[in-house]
Amino acid sequence: MSDPLIIAGKEFSSRLMVGTGRHRTNEEMVESIEASGAQIITVAIRRLDLDNPAEKNILDYFDWDKYQILPNTAGSKTAEEAVFTAHLAREVTGSDWIKLEVIPHAEYLLPDPIGTFEAAKTLVDEGFTVLPYIHADPVLALRLESIGCATVMPLGSAIGSGQGLQTLDEIKLIIRQSHVPVVVDAGLGVPSEAATSLEAGADAVLVNTAIAQAEDPKLMGEAFKLGVQAGRMAYNAGRIANRLAGVPSSPTEGVASATGS
């Protein structure tokens, strides 16, 4: 891996993270995630049926030697609920990685900045590798980095909305100041928006609904893989400057005039 994504000392060749929610079937889920090339998979621990160990759940559909599991605290409305869910996730998965979500209102699914900070501080102190989902707030992102979060994960727009990058200017500010990976999480609808995120300097994106609810999830998973790759390549290549006026693409010196003079 000549250009790996590094989170908490672990290297990944893919800069696309994917979720396991909202898939129509488990078979579509597995196929689309395989096609995406993703190596980090999020799982909502509170939505697993852990009372019946004989019944197959999402955890049973993947070879976790091939993937980094990223349990999330989806469904937690308070910092206390999120910390409890993180402890449960560690017991169930054996992983200290946690995607932190504190979302008090189900109708618009925006993260609670105060609850997120409080839960993050507790979990970092307890040895978790914390990847917090936040609004595109540069001040909060810097505070979370300062207490030891492994990434910051600003939203592009509301979860599952498909509205794309409504917060790109704020995300660019977060990218400019951050010394941990910036992962654009939530709201992306098409691969071009993932490419734009990477072109702007984001280290990765996390996509769920745009793949899970596509007419062809497997094809969309592959499309997002290519979009992320193209965006990262463009960022590394270095784009041309924006100019107010056009610049000729052909040389203007030594060009014969129409009069021959």
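The values are calculated or read from the model by the stated rules, or taken from the named source; none is laboratory data. Keep in mind that what you see is a predicted model, and the values were worked out from it rather than measured. Note that each Cβ is placed from the backbone with ideal geometry, even for glycine, and that neighbours are counted across all protein chains shown.
Contact list please: Cβ distance under 9 Å, first residue in the stretch 58-73 and within 13 Å of V30 (Cβ to Cβ), second residue of a type in the set (F, W, Y) and not in a strand (DSSP E or B), pairs at least six apart or on different chains.
Listed by first residue and then by second, the contacts come to nothing, as the list is empty.
Name the pairs whose Cβ atoms lie under 8 Å apart, with the first residue in the stretch 163-181 and within 20 Å of Y108 (Cβ to Cβ) and free of Cβ contacts under 8 Å to residues at least 24 places away in the same chain, the second part of a loop (DSSP other than H, G, I, E, B) and not hydroxyl-bearing (S, T, Y), and 6 or more positions between them or separate chains?
Q166/G156; Q166/G187
In the stretch 139-180, which residues are part of a helix (DSSP H, G or I), within 22 Å of I114 (Cβ to Cβ) and of a type outside the set (G, A, S)?
Once the filter is applied, which keeps residues that are part of a helix (DSSP H, G or I), within 22 Å of I114 (Cβ to Cβ) and of a type outside the set (G, A, S), the stretch 139-180 yields V139, L140, L142, R143, L144, E145, E170, I171, L173, I174, Q177.
State whether one or more residues within the stretch 184-199 are modelled with pLDDT under 95 and either of a type in the set (S, T, Y) or out of contact with any Phe, Trp or Tyr (no Cβ under 8 Å at 6 or more places or on another chain) (or both).
Within the stretch 184-199 (the criterion being modelled with pLDDT under 95 and either of a type in the set (S, T, Y) or out of contact with any Phe, Trp or Tyr (no Cβ under 8 Å at 6 or more places or on another chain) (or both)), the answer is yes, since at least one residue qualifies.
Of the residues in the stretch 21-41, how many are part of a helix (DSSP H, G or I), under 16 Å from K225 (Cα atoms) and either without any contact (Cβ under 8 Å) to a residue 12 or more places away in the chain or not aliphatic (A, V, I, L, M) (or both)?
4
Go through T129, T122 for me and flag whichever is β-branched (V, I, T), closer than 24 Å to V18 by Cα and either surrounded by fewer than 20 Cβ atoms within 10 Å (Cβ to Cβ) or in contact with a strand residue (DSSP E or B) (Cβ under 6 Å, 6 or more places away or on another chain) (or both).
Exactly one residue qualifies, and that residue is T129.
With the requirement that a residue be outside any helix (DSSP H, G or I) and either closer than 16 Å to C149 by Cα or at pLDDT 95 or above (or both), what does the stretch 77-94 give you?
Scanning the stretch 77-94 gives K77, T78.
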